[in-house]
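K.L.:
Below are the structure tokens for one structure; questions will follow.
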Amino acid sequence: MNLAIIGTGYVGLTSGICFASKGHIVKCIDIDSKKVGLINSKISPIYEEGMAELLAKVIDNGNLKATIDAKSAINESEVVFICVGTPSLKDGSINLDYIKQAAKTVADNLNSYKVIVVKSTVVPKTTEEVVGKILKESGKEFGLCMNPEFLKEGSAIKDFLEGDRIVLGVGDKKTESVMRKVYERFSQKIFVTTPRTAEMIKYANNSFLATKISFANELGNLCKKLGIDTYTVMDGIGMDDRINRKFLNSGAGFGGSCFPKDVKAIVSKGLAEAEPMILLRAVIKVNELQPLKMVELLKKHINIVGGKIGILGLAFKKGTDDLREAPSLIIIDELLRQKAKVIAYDPEAMNHAKKIFGERISYAKNSNEVINSSDAVLIVTEWDEFKNLDFGKKIVIDGRRMNPKSDSSEGICW
Ligand code: UDX
């Protein structure tokens, strides 16, 4: 089938490459001509395992092309995917400006019946009442679908091709049959529902996983005080099928481009509907306080004013250079506020960190440099190379269960 994809960010590019790998003819539309040039030269603008190889393959066999020409790409397509960003506004609510612009671009170029699919994460009713409304103003016939994406950074290609399920939120049977054809060569189960339910499934999914983590962190903080190992408790409850062990690792808290933004957005939507959103507000609160625990624990061991504190790990999780909403940012800000000096190292995220912190902190070339030139070390990201490191007599606060070897180490929840 001929597919057009608007937006070549994480979701858009992954979708484009994966659909092309399944034999569709895909046009990836972006307003950034530099990015379009890179993609067409088989250079992936983001790093994802397996992406570079698959991109080269689908460019070589002619199944994927990037373009700034939205008109031609939309005109030639049977299905148009909207995969633009939905950032947070200052109050935590969702910014739909890019979604509206993309919908307007599609509406202006509708030349025949097409199915328009929202893949971006949008709060319930956006597909019908914002995108659908803009499309209707064109006076043309179209089908509308909300098809949320559940990919994780670091395993985006695998998650797209082999994820747990495909959710299709459709308004009518014709749209459903077009979408089933799009996913014909995928082996996942297809779950069909309404657009607003599909939108909510995405928020419910991320909010539930975030809730599991804040639950594990709150219980973990208490377990530590009671001399109980929280990981053993989670192993114990994880054996209950109704709970399962995943996303119950307590630590410095969740970050990234999705969990914090999405939980805030659904809370904000709830409050707008006069729902108090007590549980999910608490999930956010627990997560905001959790990184600060590391600084509190550190202060039991040393006076941090003027002290040199090493940070091992800056990225929001291992396997990425992404610093968005990373617990490390909260920790470093707090250390600097309390007049400590900071030296940091991350295997992938140093360049991004330099842009954020500039000369306010110093940067090490490896873990050893951090260990040798600091009074105490905080382990903030679960990179494999930080596992079982030898710190000698150094004070270590372990935020990710990395089991440091040290005479005076302490875990955040253990
Ligand atoms: C997440 C969702 O998993 C994915 O389905 C959605 O599409 C986008 O958001 P991602 O942001 O890539 O994916 O990260 P994920 O691997 O889910 O981890 C999120 C955060 O939770 C990380 O900061 C991680 O360190 C933290 N985490 C995860 C914990 O603190 N404990 C856990 O047990 C699991």
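The values are calculated or read from the model by the stated rules, or taken from the named source; none is laboratory data. These numbers were taken from a predicted model, which means no experiment stands behind them. Because the Cβ atoms are built from the backbone with ideal geometry, glycine has one as well, and the counts that use them run over all protein chains shown. We work out accessible area using only protein heavy atoms, side chains counted, and drop any ligands, DNA or RNA first. Shrake-Rupley method; radii C 1.70, N 1.55, O 1.52, S 1.80 Å.
K.L.:
Which ranges mark the helices (runs of 4 or more DSSP H) fully within segment 131-214 that have 2 or more residues being within 11 Å of the ligand (Cβ to nearest atom), in contact with a Leu (Cβ under 6 Å, 6 or more places away or on another chain) and in the same structural domain as Gly9 (by TED's automatic domain parsing)? Write out each step before concluding.
P.N.:
Numbers: elements: 132-136, 156-162, 173-182.
Qualifying helices (runs of 4 or more DSSP H): 156-162.
K.L.:
Considering every residue within segment 298-312, establish whether at least one is under 23 Å from the mean Cα position of the chain (by Cα) and either under 23 Å from Lys394 (Cβ atoms) or not charged (D, E, K, R) (or both).
P.N.:
Let us first name the residues in segment 298-312 that are under 23 Å from the mean Cα position of the chain (by Cα), namely 311-312.
Still in the list and also either under 23 Å from Lys394 (Cβ atoms) or not charged (D, E, K, R) (or both): 311-312.
Checked segment 298-312: at least one residue is under 23 Å from the mean Cα position of the chain (by Cα) and either under 23 Å from Lys394 (Cβ atoms) or not charged (D, E, K, R) (or both).
K.L.:
Can you go through Ala107, Ala73 and tell me which one is under 22 Å from Ser33 (Cβ atoms) and either among the aliphatic types (A, V, I, L, M) or assigned to a loop (DSSP other than H, G, I, E, B) (or both)?
P.N.:
Numbers: Ala107 fails: under 22 Å from Ser33 (Cβ atoms).
Just one listed residue meets the conditions, Ala73.
K.L.:
Exactly one of (1) at pLDDT 95 or above; (2) more than 19 Å from Glu296 (Cβ to Cβ); (3) within 13 Å of the ligand (Cβ to nearest atom) is unmet by Ser257. Its number?
P.N.:
For Ser257, the exception is condition (1).
K.L.:
Here are some conditions: (1) in contact with a strand residue (DSSP E or B) (Cβ under 9 Å, 6 or more places away or on another chain); (2) open to solvent by less than 40 Å² (accessible area, probe 1.4 Å). Lys308 meets all but one. Which one does it not meet?
P.N.:
Here Lys308 meets the rest and fails (2).
K.L.:
Specify which of the listed residues (Gly139, Gly143, Gly169, Gly227) is more than 26 Å from Asp322 (Cα to Cα) and touching a Pro at 6+ places or on another chain (Cβ under 7 Å). Spell out how you get there, then give the answer.
P.N.:
Details: Gly139 fails: touching a Pro at 6+ places or on another chain (Cβ under 7 Å); Gly143 fails: touching a Pro at 6+ places or on another chain (Cβ under 7 Å); Gly227 fails: touching a Pro at 6+ places or on another chain (Cβ under 7 Å).
Of the residues listed, the single one that is more than 26 Å from Asp322 (Cα to Cα) and touching a Pro at 6+ places or on another chain (Cβ under 7 Å) is Gly169.
K.L.:
Give me a count of the residues in segment 242-252 that are more than 6 Å from the ligand (Cβ to nearest atom) and on the phi > 0 side of the Ramachandran plot. Before you say what the answer is, go through the steps one by one.
P.N.:
If we filter segment 242-252 for residues that are more than 6 Å from the ligand (Cβ to nearest atom), which is where we start, we get 242-246, 250, 252.
Of the ones still in play, those that are also on the phi > 0 side of the Ramachandran plot are 244.
Qualifying residue count, segment 242-252: 1.
K.L.:
Condition check: acidic (Asp, Glu), modelled with pLDDT under 95 and over 28 Å from the mean Cα position of the chain (by Cα). Does Asp321 satisfy that? Let's see the steps before the verdict.
P.N.:
Numbers: acidic (Asp, Glu): yes; modelled with pLDDT under 95: yes; over 28 Å from the mean Cα position of the chain (by Cα): no.
In short, no.
K.L.:
For the list (1) more than 21 Å from Asp390 (Cα to Cα); (2) hydrophobic (A, V, I, L, M, F, W, C); (3) part of a helix (DSSP H, G or I); (4) open to solvent by less than 10 Å² (accessible area, probe 1.4 Å), I need the number of the one condition that Ile330 fails.
P.N.:
With respect to (1) more than 21 Å from Asp390 (Cα to Cα); (2) hydrophobic (A, V, I, L, M, F, W, C); (3) part of a helix (DSSP H, G or I); (4) open to solvent by less than 10 Å² (accessible area, probe 1.4 Å), Ile330 is out only on (4).
K.L.:
Given the residues Leu298, Leu289, Leu279, which is the only one that is crowded, with 21+ Cβ neighbours inside 10 Å and not basic (Lys, Arg)? Break it down stepwise before answering.
P.N.:
Working: Leu289 fails: crowded, with 21+ Cβ neighbours inside 10 Å; Leu279 fails: crowded, with 21+ Cβ neighbours inside 10 Å.
Selected residue: Leu298, the only one of Leu298, Leu289, Leu279 that is crowded, with 21+ Cβ neighbours inside 10 Å and not basic (Lys, Arg).
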